[in-house]
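The block underneath contains the structure these notes are about, expressed in structure tokens.
The values are calculated or read from the model by the stated rules, or taken from the named source; none is laboratory data. Being a predicted model, the structure only gives us computed values, none of them experimental. Cβ atoms come from the backbone with ideal geometry, glycine included; neighbour counts cover every protein chain shown. Just so you know, the surface numbers come from the protein's heavy atoms only, side chains and all, with ligands and any DNA or RNA stripped out. Shrake-Rupley method; radii C 1.70, N 1.55, O 1.52, S 1.80 Å.
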Amino acid sequence: MKVLKFGGSSVATPERIQSVIDIVKPYLSGDVVVIFSAFGGVTDTLIQISTLALEGNLEYKSKLEELEKRHLTAVRVLVNIQKQSGILAEVKFMVNELEDVLHGVYLVKERTLRTLDYIMSFGERISAYIISEAFKNQGHPTEFLDARKVIRTDSNFGHAKVDFEVTNKLIRDHFNHHNEVQIVTGFIGKSESGETTTLGRSGSDYTAAIFAGALHATDLEIWTDVDGMMTADPRKVKKAFTVPQMSYEEAMELSHFGAKVIFPATMQPAMVNQIPIWIKNTFNPSFKGTVIHAQSTNGKMIKGISSMNGVCLLSLQGSGLLGVVGASMRLFATLARENINVILISQASSEHSICFAIEYGAATKAKAAIEKEFQYEIRNEEIDDVPIEKDLSIVAVVGDGMKHSPGTSGRMFSALGKNGVNVVAIAQGSSERNISAVIPQIDVSKALNALHEAFFLSDRKLLNVFLVGTGLIGNSLIEMVKDQFNKLAKESLLEVNIVAVANSKKMLFGEDGLDLGTCVSKMKESGEPMDMKSFFEKMSALNLSNSIFVDCTSSADVTSFYEAILAANISIVTPNKKANSASMTSYRRLKETAFKRGVKFLYETNVGAGLPVINTMNDLLLSGDKVLRIEAVLSGTLNYIFSSFKEGTKFSDIVGEAKAKGYTEPDPRDDLNGMDVARKILILSRETGLEMDLEDIKVENLVPEVCRGEMTVEEFFMCLEKHNEDFERLRKSAADEGKKLRYMAVLDNGKVSIQLSSVDQAHPFYSLSGSDNIILLTTERYHDRPMVIRGPGAGAAVTAAGVFADIIRIGHYAR
């Protein structure tokens, strides 16, 4: 014997009902019982109609007409016209009976739970009757069975309790005298006094389980609109997938905390009789789905992650609880008297407090009841007033495999911590099957994705990138991500998902990721107006796991948001030097915020573009080395200028040539004044541990004093030409000594200077050419022969590569 149940979404339209008939056909050659819910949405519609009648709103009549029309249409589609009249008459008769009840509600302005149960019963009664007739119409002999004939319950209307002893006997007796396939109404039963009752939430599933248990079925199949029990809610976790099998206990734990595919009551009759429960998809009938049975042996430590929203946390705490026997009993007895369900309990070994989670709607009632029960202790200040923490959710990881497996909770809380999810309370039973955490409701989606990644996709990490700045560096970065996406996914097990792009005028967001080939052009065409405050608010509101903000601008306005971004648990990667060369107080605050929040603030490309300068130096410092001296050529622009400045050339022409090649800023004075080099050496100095501000650095400004005032770029070049002889004298003086000019930054004995110097052939800077940078690190370990780091110090491609490397570095940290 097999018992099949089809939910409302499976029978929402005549076309879907026909699909269900096609699914059931192969089963008809054996013993089978089929339970049906009301047509999709009908139960809610019946409640709505009865509410309108209760309120004296005559609109209930038009709603009822629509409901009648929907069911009559189903008959006309599913049954041949020659056979329709009797079926249509029966449906109309049931609708007329419903209309009479609703009219009574309208007249007396009263709707008891008893009446509501009776009103709701029409959904299943009409649905199962029509479907039974549709089977007969296609030559499949079936019999309509109103479950009220065989399911006996108490009179707890709305959530009636089944009398299994009587019910099992009635079901078996019925099947002993009926050989046809039974098409059964779900959800409803009958009390001892003959009144219609309903079985509560997911009542049709429960009906199927009751029949399966009574008939000792070999299988119970619940046909719904998903591919089985998922590893997480697919609406919140895009990469959730079907779990092939799980134990009854695992399924019950998941369903308790919000997995709505199946409910605990459904499993109880099946568990008692060890009947496998199959969760299958009406819209994908060939998919195997999930089987829930006594033993789960697919080797997974965790089977699923679920969540429950709308939770609040209450605490009973105070010195009066220490060592006092019976306090817990009084607390939970009080809640039980008020019919308040406790979802989660957590108590520390200190006995100073007991906290528990309940549904938000019961919070005020619970607080009042507890404070009344403990009024004397509160009055004597032995126990505090009961606080209510609102806007919380519970997330739970569930799996039999975590039993006796060290590291599960560590992995769970590490994933939450790295994504800035604060855990308010924790609970784990001795069965080691479930670890639950109470968290802010706003963080649920991020928490679910982080946990799913940690337990089910631990070999793959998704990074959500928010990019501001789509100029040369930003565009190069997007191209690199696009070109390297498959390689990264395969070899580094990282997926880089660009969620947002912005320039100074427009911004574009796409939570599921933007198309890397078109995102910039789409942003320019249809993006919304950009301002950094709005960008930050949208980024924070998305609250995605493994979020990284990438700043490829040189804007101080953008860097002013860094502290807030880090405080929102979002890592930062940037080549923008403005933040790290601002005041020492600001620099220190950014570092402290990143550390406290457990996120990364990476800026390797602040100095030397893609050269591994900052990371190399930090590695030396972390290993106990000490930086004694830094000598560096840190401007690719100035190095190009002085490498190209040879006999027979004019300094102003070389500067013009550098500008034409795009090496300089739009106004070359921004390079020649040395402030860009000053910011870079300031950052390096701070990394060594020095507390220093920009004003502490002596900088030689190469712009002749008379050329520093307000003037156009053209006027500047005219002014610079007048000083060519001055620069030629410097060049010739160095050349006469066999030396070359280099614009150098030097950190020595805690002091920094930047000036134009001449170096001889023995100096590592002598052979420097083009736009290369070079850094000499003299440390206690690299004392006699300093460490040399040399390479291109400018250019969009190498800078973007450095930014990309920092993003990947965060991906490896997030594991």
Problem - Loop trypsin sites (Lys or Arg not before Pro), segment 202-295, which have at most 10 other Cβ atoms in a 10 Å radius of their Cβ (DSSP) - result: 235
Handout entry: From the coordinates shown, Kirkwood radius over Cα pairs in Å corresponds to which of [x] 30.1; [y] 37.1; [z] 32.3
Key = [z]
Exercise for the section: Express as a percent, rounded to the nearest 5, the fraction of DSSP beta bridges in the chain (both residues included) that run antiparallel. Expected result: 60 percent
Fill in the blank from the handout: Here, residue 109 and residue 283, labelled 7 Å along Cα→Cβ, have an inter-label distance in nm of 4.4 nm
Practice task
Among DSSP beta bridges whose residues both lie in segment 145-304, state the antiparallel percentage, nearest 5.
Solution key: 40 percent
Fill in the blank from the handout: Between residue 27 and residue 347, the FRET efficiency computed from the C-beta separation at R0 = 51 Å comes out, to the nearest 0.05, as 0.50
Handout entry: Label zone at residue 47, where the point sits 7 Å out along the Cα-to-Cβ direction: segment 96-118 residues whose backbone N lies under 15 Å
Key = 112-118
Problem - Residues whose placed amide H lies under 5 Å from that of residue 280, excluding near-sequence neighbours - result: 222, 223, 224
Practice task
Quick one: P(r) of segment 508-654 from all Cα-Cα pairs, 10 Å bins, percents rounded to integers, in order of increasing distance.
Solution key: 9, 29, 30, 19, 11, 2, 0
Practice task
Normalise the Debye intensity by I(0) for segment 261-317, one equal point scatterer per Cα, no solvent, then take log10 at q = 0.14, 0.16 Å⁻¹ and round to two decimals.
Solution key: -0.61, -0.75
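If eta is 1.567 mPa s and T is 4 °C, what Stokes-Einstein diffusion coefficient results for segment 166-215, Kirkwood Rh from Cα pairs, in µm²/s? Present the calculation step by step, with values, prior to reporting the outcome.
On the way: Rh = 11.7 Å.
The diffusion coefficient I find is 111 µm²/s.
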Problem - Sites matching GluC sites (Glu not before Pro) across segment 37-115 that sit in DSSP coil, with at most 10 neighbouring C-beta atoms within 10 Å - result: 110
Handout entry: On Cα atoms only, tilt of 472-487 relative to the major axis of the chain in degrees
Key = 50 degrees
Completion exercise
Taking R0 as 30 Å and r as the Cβ-Cβ distance between residue 491 and residue 760, the FRET efficiency 1/(1 + (r/R0)^6), rounded to the nearest 0.05, comes to 0.05
Handout entry: Cα gyration tensor category, rounded, prolate or oblate, for segment 1-116 with a/c compared to 1.5
Key = prolate
Practice task
Give the dimensionless ratio obtained when the Cα radius of gyration of segment 753-815 is divided by 2.2 N^0.38 Å.
Solution key: 1.50
Handout entry: Percent of beta bridges antiparallel (DSSP, segment 450-574, rounded to nearest 5)
Key = 25 percent
Exercise for the section: Any chance you could look up the accessible area of residue 515 with a 1.4 Å probe, heavy atoms only, rounded to 10 Å²? Expected result: 100 Å²
Fill in the blank from the handout: Cα extents of segment 354-393 per principal axis, largest first, Å, are 33, 15, 12
Handout entry: Kirkwood Rh and Cα Rg combined as Rg over Rh, evaluated for segment 106-156
Key = 1.14
Practice task
May I ask for log10 I(q)/I(0) of segment 109-234 at q = 0.11, 0.17 Å⁻¹, from a Debye sum over the Cα atoms as equal point scatterers with solvent left out?
Solution key: -0.42, -0.93
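What is the ratio of the Cα radius of gyration of segment 562-719 to 2.2 N^0.38 Å, with N the residue count, to two decimals?
On the way: Rg = 18.2 Å, N = 158, 2.2 N^0.38 = 15.1 Å.
It is 1.21.
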Practice task
Determine the share of segment 549-631's accessible area contributed by carbon and sulfur atoms, expressed in whole percent, with a 1.4 angstrom probe.
Solution key: 53 percent
Handout entry: Rg/Rg_globular for segment 162-299, with Rg_globular taken as 2.2 N^0.38 Å and Rg from C-alpha atoms
Key = 1.11
Practice task
Please report the relative contact order for the chain, taking Cα pairs under 8 Å with a sequence separation of at least 6, and give it as a percent rounded to a whole number.
Solution key: 8 percent
Exercise for the section: Please work out the C-alpha center-to-center distance from segment 124-191 to segment 685-742 and express it in whole Å. Expected result: 94 Å
Practice task
Please report the base-10 log of the normalised intensity I(q)/I(0) for segment 715-773, using a Debye sum with one equal scatterer per alpha carbon and no solvent, at each q in 0.15, 0.20, 0.25 (1/Å).
Solution key: -0.59, -0.91, -1.07
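Which residues make up the longest stretch of the chain that has no chymotrypsin sites (Phe, Trp or Tyr not before Pro) in a DSSP loop with at most 15 other Cβ atoms within 10 Å?
288-765
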Fill in the blank from the handout: Here FRET efficiency (C-beta to C-beta, residue 333 to residue 729, R₀ 56 Å, nearest 0.05) is 0.05
Exercise for the section: Find out how many positive minus negative residues lie around residue 357, taking Lys and Arg as positive, Asp and Glu as negative, among other residues whose Cβ is under 13 Å from that of residue 357. Expected result: -2
Handout entry: Linear extension gain, residue 567 paired with residue 379, 0.36 nm per residue minus alpha-carbon span
Key = 63.7 nm
Problem - Student exercise, the chain dipole from Lys, Arg, Asp, Glu Cβ charges, in Debye to nearest 20 - result: 1180 debye
Exercise for the section: Enter the accessible area per residue of the chain (Å², integer; probe 1.4 Å; all protein chains in place). Expected result: 44 Å²
Practice task
Extending each Cα 7 Å along its Cβ direction at residue 616 and residue 708, get the distance between those two points in nm, one decimal.
Solution key: 3.4 nm
Problem - Cut-off 14 Å, label 7 Å out along Cα→Cβ of residue 218, residues of segment 1-21 by amide N - result: 1-4
Practice task
Using only the alpha carbons, work out the radius of gyration and Dmax of segment 365-484 in angstrom.
Solution key: 21.6, 71
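Shape call for segment 638-728 from the C-alpha gyration tensor, a ≥ b ≥ c root eigenvalues: rounded (a/c under 1.5), prolate (a/b greater than b/c) or oblate?
prolate
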Completion exercise
Rg (one decimal) and Dmax (whole number) from the Cα set of segment 508-561, in Å, equal 11.9, 30
Handout entry: J(HN,Hα) series, segment 32-47, from Karplus relation 6.51 cos²θ - 1.76 cosθ + 1.60, nearest Hz, glycine and proline x
Key = 8, 10, 10, 9, 10, 7, 5, 3, x, x, 5, 4, 5, 5, 4, 5
Exercise for the section: Taking all protein chains together and a probe of 1.4 Å, list 589, 785, 686 from the most accessible to the least accessible. Expected result: 785, 589, 686
Problem - Of the trypsin sites (Lys or Arg not before Pro) in segment 109-199, those whose Cβ has at most 11 other Cβ within 10 Å and which sit in DSSP loop - result: 109
Handout entry: Cα-based reach from residue 300 at 13 Å (exclusive), listing aspartates and glutamates while leaving out same-chain residues under 8 positions away
Key = 250, 400
Problem - For segment 684-811: Kirkwood Rh in Å [reciprocal of mean 1/r, alpha carbons] - result: 17.9 Å
Problem - Accessible area of segment 178-280 belonging to carbon and sulfur atoms, whole % at 1.4 Å probe - result: 52 percent
Fill in the blank from the handout: Where a ≥ b ≥ c are root eigenvalues of the Cα gyration tensor, a/c under 1.5 meaning rounded, otherwise prolate if a/b exceeds b/c and oblate otherwise, segment 689-743 counts as oblate
Fill in the blank from the handout: Taking a label point 7 Å from the Cα of residue 166 along Cα-to-Cβ, the residues of segment 176-219 whose backbone nitrogen sits under 13 Å from it are 189-197
Fill in the blank from the handout: Once all protein chains are kept in place, residue 159 shows an accessible area at probe 1.4 Å, nearest 10 Å², of 110 Å²
Problem - 10 Å-binned pair-distance histogram of segment 486-525 (Cα, whole percent) - result: 30, 42, 23, 5
Fill in the blank from the handout: Over the chain, cysteine residues that find no other Cys C-beta under 4.7 Å are 312, 355, 519, 552
Practice task
In nm, give the distance between the simple-model label positions of residue 180 and residue 405, each being 7 Å from the Cα along the Cα-to-Cβ direction.
Solution key: 5.0 nm
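Mean shadow of segment 238-378, computed from the convex hull of its alpha carbons, in nm²?
Hull-based average projected area comes out at 11.9 nm².
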Handout entry: Diffusion constant of segment 1-43 at 4 °C, which comes from Stokes-Einstein with the Kirkwood Cα-pair radius and 1.567 mPa s, µm²/s
Key = 121 µm²/s
